[in-house]
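To start, the structure under review is shown below, and the notes come after it.
The values are calculated or read from the model by the stated rules, or taken from the named source; none is laboratory data. The model shown is predicted, which means the values in this text are computed figures rather than measured ones. Please note: Cβ atoms are built from the backbone with ideal geometry, for glycine as well, and neighbour counts cover all protein chains shown. Note: accessible area is taken over every heavy atom of the protein model, side chains too, but ligands, DNA and RNA are not part of it. Shrake-Rupley method; radii C 1.70, N 1.55, O 1.52, S 1.80 Å.
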Amino acid sequence: MKINSKYMAPSISLLVAGLVLASASHAATIPGSITEFSGTVTDDVFIAKSKGWSDPAFGDMGWTHSSDWGTITAKKGQKVTIHAVAADVGIHPGATVWYRGKDDTAADNYVVDHFYPQNANFTKFGATDETSGAALGNIVMRYVTHGYDVDGNSKKVKRMNPVKDSVPGQLELSFKAPYAGTYIFVVGGFNPDASVDTSLKYNIDVTATATAATPAP
């Protein structure tokens, strides 16, 4: 299921005590689309820019409306796997996952700001809708994991968690769900090859599944 919205002008997020809080002058935004993955909906074609997950023009932060988004519900202990394959091998997917628990009282189709951190919490207390000014509650997106496709990539940035599988343009990110509930994730490009037109959005085939962990032998 996709949730569409109009784009608004960008703003900058501030990092405070480990939580990224939207500037008080800016309100929460709805990404252009969010796919709700489930046991019956396991794949979708995301549309994202080749620098959507990390854009040097914006302090290397991710760009909410140049990336694409999904949610998946998991039980505690389940293995969640996000597999992303770009239509062009010169586009290197990056992904970040956050958990939205009981303290996250806003609707799950809202995120904090037009820019996001790839490796930190993303939180706004007392969030308001950027268009209507309506009170939304608290947006509390707690960081779980992140990574990017390093195969064929000219940048190897340890803090961004380079993931190698010997296939350029592909990323597989897996984690064991620490809590039961909703996980929201974002996918965009990181450091595209010189041949890629960075002004365009590209297809990234994404599969997301939550499965019971296999017991150890």
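Remark: segment 136-150, residue by residue, has Karplus-estimated 3J(HN,Hα) of 10, x, 9, 9, 10, 10, 8, 4, 10, 6, 7, x, 9, 6, 9 Hz, where x stands for each Gly or Pro and the curve is 6.51 cos²θ - 1.76 cosθ + 1.60 at θ = phi - 60°.
Full extension of the chain segment joining Asp205 with Asp165 gains 12.7 nm, where the gain is 0.36 nm per residue of separation less the Cα-Cα distance. For a paramagnetic label modelled on Val45 (point 7 Å from Cα along Cα→Cβ), amide N atoms under 14 Å away belong, within segment 177-202, to 201-202. Over the chain, accessible surface divided per residue gives 46 Å², non-protein components excluded, 1.4 Å probe. For Gly52, the residues whose amide H sits under 5 Å from its own are Gly189, ignoring neighbours fewer than 5 places away on the same chain, with H placed 1.01 Å from N. Karplus-based coupling profile of segment 30-43, in residue order and whole Hz: 9, x, x, 7, 9, 8, 8, 7, 7, x, 9, 10, 10, 8, with θ = phi - 60° in 6.51 cos²θ - 1.76 cosθ + 1.60 and x standing for Gly or Pro.
Pairs of alpha carbons in the chain separated by more than 33 Å make up 10% of all such pairs. The local environment of Ile91, defined by Cβ-Cβ distances under 15 Å, has a net charge of -4 under the rule Lys, Arg +1 and Asp, Glu -1. Using the Karplus relation 6.51 cos²θ - 1.76 cosθ + 1.60 with θ = phi - 60°, the per-residue 3J(HN,Hα) values for segment 159-169 come to 5, 8, 6, x, 10, 10, 9, 6, 10, x, x Hz, with x marking Gly and Pro. Only protein atoms count toward the accessible area here, which uses a 1.4 Å probe; on the chain, the carbon and sulfur part of that area reaches 56 percent. Fully extending the segment from Ala180 to Asp197, taken as 0.36 nm per residue of separation minus the present Cα-Cα distance, adds 2.1 nm. If R0 equals 25 Å, the separation of the Cβ atoms of Ala134 and Asp103 corresponds to a calculated FRET efficiency of about 0.80.
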